[in-house]
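What follows draws every value from the coordinates through simple rules; no lab data is involved. Owing to the predicted nature of the structure, the values given are computational and were not obtained by experimental measurement. Reconstructed Cβ throughout: ideal geometry from the backbone, glycine too, with neighbour counts over all protein chains shown.
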């Protein structure tokens, strides 16, 4: 096991109060958890835990090490929660650019319903018929006529055909 995982495991053992309790949380055997902690202690050349029939207690060195490990574990947990929350609902700023006619006819009327459904999304809408520099303008979504798009690196989808034109 690598050092970051050992640090998290150590903090979990201390928080759980015993190898057995931590092993149950992790769906591992107590002996496997105990061996990993022994490996960590060998790696840092310090006895971190005093073992007894009633569980584990921190040595002085273990207490100092645990304070840092607990912070790391909390930061890892918070980072994971943050990333998982991204899937819960959209949030953040989205920059949209579209032609004036399409924006007035289709985008602007749809904004109130969109904003009610996704209150954590902030929109910046650029209605313009000028040629866009998608990267420089930091545009996330653009609705343009095919003739206006000359950047082959863009991901484009046809969403509608304009009357009077050929597909």
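Some notes on this structure:
- Residue with peak Gaussian network fluctuation, the chain [Cα springs, cutoff 10 Å], from 53, 91, 104: 53
- Nearest 10 degrees, 0 to 90: helix 60-86 Cα axis against the chain principal axis: 20
- Measuring r between the beta carbons of residue 64 and residue 26 and using R0 = 25 Å, the FRET efficiency lands at 0.55.
- The length gained by stretching the chain between residue 81 and residue 123 to full extension, at 0.36 nm per residue less their Cα-Cα distance, is 12.7 nm.
- Think of it as helices only: each DSSP H run of n ≥ 4 in the chain is worth -39500 (n - 2.57), and spread over all residues that comes to -14500 deg cm²/dmol at 222 nm.
- In Å, descending, principal axis extents of the Cα set of the chain: 83, 34, 27
- Relative contact order of the chain, pairs being alpha-carbon contacts under 8 Å that are 6 or more residues apart, as %: 18
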